[in-house]
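Some notes on the structure that comes next.
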Amino acid sequence: EMPPPEPPGLDLDEITETWDLKIPVDERPTSPQTTRDWQDYMGVILRDAGKVAIFEGNSKKRVALLDTGYAVHILRSSKSGRYFYAIGRDGKVTLIDLWYETPKVVAEVKGCIDARSVEGSKFTGFEDKYIIEGCYWPMQYVIFDGLTLEPKTVVPIPQESIKDGEELDEVRIAAIAASHSAPVWAVALKESGYIAIVDYSKDDFPIVKMIEAQRFLHDGGFDRTGRYFAIAANMMNQMVVIDVEKQERVALIDTGDKPHPGRGANWKDPKYGWVMAATHMGEGKLAIYGADPEGNPEHAWKVVREVELPSSGTLFLKTHAKSPWVWTDATLATNEKDSRRICVYSKAKGELQKCWIATTDGRGVH
C-alpha cells in the first residue's frame, strides 16, 4: 500500500550476461535416454528451497532434484513435452531436459529482477521455438530461444489502465497463456486490466492487440476447447472470460471474495454440461459456472452452483478427465489445521464429497 519505488532497468545486454547454456542442443540426446515413462513425469515445486523435484507418475519415485531460481513459482511443459520451464521469483528461467536418464538443467537465464510467469510457443510450426518471460520488475517481457534460452528481445509494456487511460506507476505481468488457435500469447497485465496479445510469428514479438478485461488480473486457464481463457481479477471478485480466437472479452462473472483458481479445471456437469469453477482466498466457496456457449448457451458464463467449503484460503482446484473428483486446497487458511485440509467435489453428484487433513506438517498445496 506504499508508493512503488522506481524499478531499475534490465536491458538485453545485461540479460545476455546472465545467460548460461550448460549443454548445447547438438550435444543433447536425439531420443529419450531413459526407460522410464518420461511423458508421465510430474514436476513438483520446492518453493523456498529454490528447487524442482521430478517424480515418475507410475512408480511415485523421485528421479531428479534440481536447482532453479529462488522461490520458484511455476513450472510449464513445452509443447513437445520434452522440456520443463521453471521460473523463480528472482527472474531466473531454468530449462530442464527430461530425455536424460536423470533430467538435467540444460540452460539458465535471468530476464527479470522479479517474475512469476513463463510460457513456450505451442502453435503448429512454432513448437518449442520460443519462450516468453513476464516480469513483475522491470515492467517488460523478454523473449528467449526455446531450446537454448538465448535472449532475443526485450519489450516494455504499456502503463495505461483500462480506467479512462489512467497512467499507472506499476503494471506487472501475471499469467501468460499460449493460444491454441494462433501463434500468440495472451499476457495478463495485472494492474492495468488489459490482456495483451503478443504475436511470436513476427520478428519483433510485438503486442498486436490490447483487450480490455478487468483490473487486478492474476491467474487463469483455458476452457476444454482451448478457445476461452478464464482469468481471475481477484481484487474485483470476478472471473473474466476472453475469447482468444476473436480476441475479445465475452464475460465478467461475479464469483466471490478474491477468486484464485490457478489454471482452473474443466468437467462435464450432469445438469449444466461443460463447466469451469473458481475457488476463493477470501471465503470458503467453490463457484461453478457454465462454460459451453455452443451446447448450453443459457448457462454459459453464469454461476450455476455454489458449494460451501470448510474455510477460505484456497489457492488451487484441479481435476483430470479420467477422475470423478475436483480437488481443492486451503493453503492460505488462517487456521493452521484448515490449511492442511484437502477437499474433493463429486462431478457426478454435484456436491462436496469429502474433506480431510492431508498432511501432518506444513500447509497442503494441491
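Here are some notes:
- Length released on extending from THR225 to ILE162, taking residue separation times 0.36 nm less the Cα-Cα span: 19.9 nm
- GNM result for the chain, Cα springs below 10 Å: residue of MET139, MET239, MET42 fluctuating most strongly: MET42
- Vicinal HN-Hα couplings computed from phi for the stretch 328-341 (Karplus, 6.51 cos²θ - 1.76 cosθ + 1.60; Hz; Gly/Pro x): 9, 10, 8, 3, 9, 4, 6, 7, 4, 5, 4, 5, 9, 8
- Rounded, prolate or oblate (a/c below 1.5 giving rounded, otherwise prolate when a/b exceeds b/c) for the stretch 169-310 by Cα gyration tensor: oblate
- For the stretch 1-120, lysine pairs with C-alpha atoms less than 13 angstrom apart, excluding pairs fewer than eight positions apart on the same chain, total 4.
- Net charge dipole, the chain: roughly 1840 debye, given to the nearest 20, about the Cα centre with Cβ charges of +1 for Lys and Arg and -1 for Asp and Glu.
- Difference of contour (0.36 nm per residue) and Cα-Cα distance, GLU248 to GLU17: 79.3 nm
- Solution diffusion estimate, µm²/s, Stokes-Einstein, the chain, Kirkwood Rh from C-alpha pairs, 4 °C, viscosity 1.567 mPa s: 61
- Shape call, the stretch 255-294: gyration tensor on alpha carbons, a/c limit 1.5: prolate
- Sorting 8-21, 91-104, 117-130 by average packing, meaning the other beta carbons within 10 Å per residue, from highest down gives 91-104, 117-130, 8-21.
- Straight-distance crosslink candidates among aspartates and glutamates, where the alpha carbon sits under 13 Å from LYS285 and sequence neighbours closer than 8 are dropped: ASP254, ASP257, GLU306, GLU308, ASP329, GLU351
- Estimated vicinal HN-Hα couplings, Hz - the stretch 124-138 in sequence order (Karplus 6.51, -1.76, 1.60; Gly, Pro = x): 3, x, 10, 4, 6, 7, 10, 10, 10, 10, x, 9, 7, 9, x
- Straight-distance candidates among the lysines for linking to LYS246, with alpha-carbon spacing under 17 Å and chain neighbours fewer than 8 residues away dropped: LYS209.
- Taken about its Cα centre, the stretch 193-232 carries a charge dipole of roughly 160 debye when the Cβ of each Lys and Arg holds +1 and the Cβ of each Asp and Glu holds -1.
Read-outs: derived from the displayed coordinates by stated rules, not from any lab. A quick note: this is a predicted structure, and the numbers were derived from the prediction, not measured. Note: ideal-geometry Cβ built from the backbone for every residue, glycine included; neighbour counts use all protein chains shown.
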